Each structure stands twice: as structure tokens, then as C-alpha cells.
1. For the stretch 290-302, does any single residue satisfy the condition of being in contact with a Ser or Thr (Cβ under 6 Å, 6 or more places away or on another chain) and surrounded by fewer than 17 Cβ atoms within 10 Å (Cβ to Cβ)?
2. In the stretch 42-62, which residue that is of a type in the set (S, T, Y) and open to solvent by less than 30 Å² (accessible area, probe 1.4 Å) is farthest from K87 (Cα to Cα)?
3. Right, V65: open to solvent by less than 10 Å² (accessible area, probe 1.4 Å) and either closer than 19 Å to P180 by Cβ or within 16 Å of ligand 3 (Cβ to nearest atom) (or both) or not?
4. If you take the residues of the stretch 178-191 that are among the hydrophobic types (A, V, I, L, M, F, W, C) and within 16 Å of the chain's Cα centre (by Cα), which of them is surrounded by the most Cβ atoms within 10 Å (Cβ to Cβ)?
5. Go over the candidates R81, R39, R90 one by one and state the one that is within 26 Å of L309 (Cα to Cα), open to solvent by 20 Å² or more (accessible area, probe 1.4 Å) and more than 16 Å from ligand 2 (Cβ to nearest atom).
6. Does the stretch 106-117 contain at least one residue that is closer than 17 Å to P172 by Cβ, surrounded by fewer than 19 Cβ atoms within 10 Å (Cβ to Cβ) and not hydroxyl-bearing (S, T, Y)?
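The values are calculated or read from the model by the stated rules, or taken from the named source; none is laboratory data. Note that the structure is a prediction, hence the values are computed from the model and not measured. Cβ sites come from the backbone with ideal geometry, for glycine too, and all protein chains shown count toward neighbours. Heavy atoms of the whole protein, side chains included, go into the accessibility calculation; ligands, DNA and RNA do not. Shrake-Rupley method; radii C 1.70, N 1.55, O 1.52, S 1.80 Å.
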Amino acid sequence: MTTTPPAPLLSARSLEVAFPGRRGAATARAVDGVDLDIRRGEIVALVGESGCGKTTLARSLLGLVPPTAGRVTFDGLPLDRSGRALKAYRKRVQLVLQDPSGSLNPRHTVYDAVAEGLRIHGYAGDERAAVSGALARAGLRPPERFFLRYPHELSGGQRQRVVIAGALVLEPELIVADEPVASLDASVRGEILALLLRLRDELGLSALVVTHDLGLAWNIADRVAVMYLGRVVETGDVEQILTAPRHPYTQALLSVLPEGDGEPVILTGEPPDPSRIPSGCRFHARCQVLASGEAERAGVADACRTTDLPVLGGDGRAQVACHWAAAGASVTTAG
Ligand SMILES: Nc1ncnc2c1ncn2[C@@H]1O[C@H](COP(=O)(O)OP(=O)(O)OP(=O)(O)O)[C@@H](O)[C@H]1O
Ligand code: SF4
Ligand SMILES: [Mg+2]
């Protein structure tokens, strides 16, 4: 008997965000046909090299950037981008930014920083209890000891916990964290990642964690979505993707990790430019499988050069947008 996976909490289908080019330059298709699902109580890592569109995708899922096409649904309903509906949505889906120093006002105490969201949303309950609870859930205990502190009196890890408490205070169902540990020392990174895992386990919180670090995804995610030039090109269970990647781009990213075995694949060719997305498979000009003749031997080289293909999020353990992988070739060839 097959079990149907639970309906996603957040879904994007054929999502596009294009930025008009400056001074006659071509339009930048920063997000170009993304399909992605985030289910309740799961952590999805969105990975890919700099400039591939991770932040733009995250911002458009939050309603901060209007999509040019496609749709986002949350809890089964299309995202309503009118002012009031968006405000209610932003209570349920919270953004956690990368640099805690940048996202905390240096003149606000910890208490005021965490209470800010409550005040914006006109919270009618016991503010002090809510702030205290959020700080405790973010691991700042006893919370009262932190109420009157200022950001400069805290460590980097504590500041990131305050930012997380500011998100938790509204009791969101999903948090979107853009590079949440990139600005932290290695020693503190593990603690913040452990906190996100604890929040998933104890509160059933879902999270989309944006990172360019596949190693980090390995430590935290239930599922991974790999993004290349505005498109999710491979998605699936973390173990499946990281131990048996099928897309040549994912294989290349994994091959250069310090713990990777086998030959590192150094990607050649132009760095990706969203104002010049190649026709055919968007990765074809840099693809090691096409360059080595393997795609030719599998009979898919023409398709690689001419036929674009999407990856659909959702059911199944893994999906991949690659003619060669779809032909079954990567299962025997990849390592
Ligand atoms: N407001 C904007 N106007 C024009 N182009 C933009 C804008 N915001 C982003 N872009 C372009 O869209 C592309 C994707 O940018 P984005 O910041 O989403 O990438 P990213 O994957 O988050 O990169 P990084 O890992 O460096 O944070 C880039 O080419 C960027 O230059
Ligand atoms: S479709 Fe072809 S060019 Fe694209 S990643 Fe797969 S093998 Fe490479
Ligand atoms: Mg970014």
C-alpha cells in the first residue's frame, strides 16, 4: 500500500520573478519556473551557488517580491497579496535574516526587538509573557536576564537567537531563514542549527533554510532543493540527494565538499547570468556529463542542447530536471 504524503504547507508552482534590465540590458529572470513544496514540520534546505536566485525565491514566497508569473499556495489557499491578507500571512510565515547585527536596531533592547512583531500585529495578550516565552524557546534563559540588554552586549550567537525569538513570538507555522548561520563562528553554527531542529521537533515548525553550503544542508534538512540559474533542478530527501545525486550540477557541488570522495568536478564555462539563460537545459554549457560525451552515449545530447525541462516538487523521494538522469543513466554512472 502506498501512503500519500501530507499536503504541503507552502507550495510554489511555475513561479517566476523577473527584474527589468537597467539601461537597455535584458530582463534578469532571477526565478524562472520554480516548483517547490514545504510540508508541515519539515526543514527544506534551498542550496545553490551565489546569484542562482535563492534570496529572490525566498522573498517572493514571503510576499516581499511580487512574482511575474506562477503561483504560491499556503495551507491550501492561493497567497492573497492584498495588504491585509499579506499582513496576516506574514504572521504565519516569518523571515529570519542572515546578519543579526544588521537586522537588530542597536538602540532597541532585546525586549523591544522581540516585542516589535507583537506590536505591529496589535497583539492583545500578555506581551511580557509572550516575549519571555519566545526568548526561552530560542534558548535565551532565563529570559528576563536578557530583557534590558542591547545587541552590542550580546555574542553573535545570542544576537541570532534574539532574531529567531522575534520570529517565534508570533507563533509562525513556517520560518524562512536566509543563510542563518553564514555570519557566525563555526562553534556557534552548530548551536543555532540544533535550535532549528529542536523547534521543528518540539513545535512542529516548518522551515526553509537558504544556504550555499551543502554540508549544512546535510546536518539540518529533511529535504533539499538544489537551485541552478533560477530553477530548482533536483529535489528530494536529504539522504537521497546527498548520497545519490542524479543531476550533474548536484554531483559537481557535492564533489568539491571536503568530505567528498572521488574526483572533484570543477565547473567550467561562464558563471550563470539570469539575463542570458541558455536554451535547452540551462546547465548544458557547463555540464560535465555533456562535455565528457556521456550524454551523447545515452542518446540525450540533442535534448540537452534544445529541450528545457522542469522539476516538479511534491510526491516521491526525489525529482530531477535532467534528460540524462531521466534516461536512467545517472543511476549507474554517478557515484
Ligand atoms: N532588485 C533586483 N534588481 C535586479 N536584479 C536583481 C535584483 N535582486 C536580485 N537580482 C539578480 O537576481 C539574481 C539572483 O539574485 P539572488 O540574490 O536571489 O541570488 P542568491 O542565490 O540569493 O545569491 P547569494 O547566494 O549571493 O545570496 C542575481 O543575478 C541578482 O543580480
Ligand atoms: S539535461 Fe543534459 S546538459 Fe542538462 S544536466 Fe542533464 S546531462 Fe547535463
Ligand atoms: Mg542570497
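1. No, the stretch 290-302 has no match at all.
2. Checking each candidate, the answer is T56.
3. When the stated conditions are applied, V65 does not pass them.
4. Out of the qualifying residues, it is V181.
5. On the way: R81 fails: within 26 Å of L309 (Cα to Cα); R90 fails: within 26 Å of L309 (Cα to Cα).
After applying the criteria, what remains is R39.
6. yes
Here's the yes/no breakdown for (1) among the polar types (S, T, N, Q); (2) within 12 Å of ligand 2 (Cβ to nearest atom); (3) crowded, with 23+ Cβ neighbours inside 10 Å; (4) at pLDDT 90 or above:
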| site | (1), (2), (3), (4) |
| --- | --- |
| G215 | no, no, no, no |
| E239 | no, no, no, yes |
| T250 | yes, yes, yes, yes |
| G260 | no, no, no, no |
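Rundown of residues vs (1) open to solvent by 10 Å² or more (accessible area, probe 1.4 Å); (2) touching a residue at least 12 places away in the same chain (Cβ under 8 Å); (3) in a loop (DSSP other than H, G, I, E, B), yes/no style:
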position	(1), (2), (3)
R119	yes, no, no
R149	yes, yes, yes
Q158	yes, yes, no
G166	yes, yes, no
